[in-house]
Amino acid sequence: MPKAELHIHIEGSLEPQRIFALAQRNGLTLPYADVEALRAAYAFEDLQSFLDIYYAGAGVLLKEADFFDMAWDYFQRAAADHVVHAELFFDPQTHTDRGVPIEAVIIGLHHACQRAHAELGISSRLILCFLRHLSEEAAMATLEQALPLRHHFVGVGLDSSERGHPPEKFARVFARCRELGLHVVAHAGEEGPPAYITSALDVLKVERIDHGVRCTEDPALVQRLARERVPLTVCPLSNLKLCVVPDLAAHNLPQLLDAGLCATVNSDDPAYFGGYINDNFLQTFEALPQLGARQAWQLARNSFEASFVPAAQKQAWMAQLDAVFAQAADAA
Ligand code: ADE
Ligand code: ZN
């Protein structure tokens, strides 16, 4: 079925083979003997244990072409999964702090977006994320650095280590982003408490919550998210691999949908979590028998509703989705 992917960290799509190829191209030596040894290190106990490896992997990205190759790899996989629209997160501070010019990051990604549109028919947008373990001053400086390339990204997000770094820490930089007309989103309620979801909404005034799965610990918050139709970009395989849930059968995705939330399914960091968007759908639906065709349709529809594109484009994709389901019903 056609779908939009709204929660993918492009650095999280760097496959081990690509990490080794880029290391070789850039004359870098990795602390792993080979692809298998690197993959063997992908056993995470929480968000931080993943982030440590994820930032190390991103260290092979130096040149504009590296960012292009990474994103083009992703787009080809997304096309195979019938993704018609993707909103890509990128973490400039991970690169600029190593001396990589921000232009190399954004222009490399932008060229991959252009090629994805031309050759695969995939529409896309870029969302610049601030690293929440760093200071608000550093986020503000990154925003200023990126502003000459403002036309290449549609919004900002907030990611990295959640616990101990509440949304309030970034109140001023998000206010500035809103003034600039940027869309605003934030990771909240992944490992952090439901109160972080509330402050992302009230203080940062975000339009979507990334993850947000811990909202079900606060029934009043669930009601608010449903009433205000705040989208949640849920990533089931990520939640499993980072031990947010003990197994997929315990995931609260069915509860979120039953409560009328605008939940979506996404891959987060597919190269690290064992699957792209369709793997997330397939494994989650297999583990949760309450999920069927109706919920698949709803999740895809929600992904279009929650995307940052004009209303007419959303309607066109929703019509495409309905046609696919009508055809499947006829065939059954
Ligand atoms: N950066 C990449 N993936 C992330 C996640 N799941 N949570 C927070 N920051 C991230
Ligand atoms: Zn994420």
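Overall shape of the range 68-142 was characterised from the C-alpha gyration tensor. The equivalent ellipsoid obtained from it has semi-axes of 26, 12, 9 Å, in decreasing order.
Distance between the 7 Å Cα→Cβ label points at Val324 and Ala118: 2.6 nm. For the set His9, His133, His165, the ranking by accessible area, highest first and with no ligand, DNA or RNA atoms included, is His133, His165, His9 under a 1.4 Å probe. Taking all protein chains as shown and a probe of 1.4 angstrom, Leu134 keeps an accessible surface of around 50 Å². Excluding same-chain residues fewer than 8 positions from Lys3, which lysines have a Cα within less than 17 Å of its Cα? Within reach: Lys314. Expressed in units of 2.2 N^0.38 Å, where N is the residue count, the Cα radius of gyration of the chain is 0.94. With Rh defined as the Kirkwood radius, the inverse of the mean 1/r over Cα pairs, the Rg/Rh of the range 87-195 is 0.98.
Taking the solvent-accessible surface of protein heavy atoms with a 1.4 Å probe, what is the per residue accessible area of the chain in Å²?
38
Calculated on the alpha-carbon coordinates, the convex hull of the range 31-158 measures out at 126 cubic angstrom per residue.
With the alpha-carbon atoms of the range 227-328 aligned to their principal axes, the span from lowest to highest coordinate is 39, 30, 28 Å, starting with the largest. Packing order of peptides 230-240, 256-266, highest average first: 230-240, 256-266 (average count of other Cβ atoms within 10 Å over each peptide's residues).
Carbon and sulfur atoms: what percent of the 1.4 Å accessible area of the chain do they account for?
54
I'd like the FRET efficiency for Leu282 and Asp34, computed as 1/(1 + (r/R0)^6) with the beta carbon distance as r and R0 of 25 Å, rounded to 0.05. Given R0 = 25 Å and the Cβ-Cβ separation, E is 0.30. For the range 139-192, trypsin sites (Lys or Arg not before Pro) are listed when DSSP marks them as loop and at most 15 other Cβ atoms sit within 10 Å of their Cβ; the list is Arg163.
Relative contact order of the chain, taken over Cα pairs closer than 8 Å and 6 or more residues apart, is 19 percent. Dipole magnitude for the chain: about 740 debye, using +1 per Lys or Arg Cβ and -1 per Asp or Glu Cβ, origin at the Cα centre.
Taking label positions 7 Å along the Cα-Cβ direction at both Arg98 and Ala65, the computed distance is 1.7 nm, reported to one decimal. Working from Cα pairs under 8 Å separated by at least six residues, relative contact order for the range 124-174 is 55 percent. The distance between label points at Glu168 and Ala311 comes to 3.7 nm (points 7 Å beyond Cα on the Cα→Cβ vector).
The values are calculated or read from the model by the stated rules, or taken from the named source; none is laboratory data. These numbers were taken from a predicted model, which means no experiment stands behind them. Because the Cβ atoms are built from the backbone with ideal geometry, glycine has one as well, and the counts that use them run over all protein chains shown. Heads up: the accessible areas ignore ligands, DNA and RNA and are worked out on the full protein's heavy atoms, side chains in. Shrake-Rupley method; radii C 1.70, N 1.55, O 1.52, S 1.80 Å.
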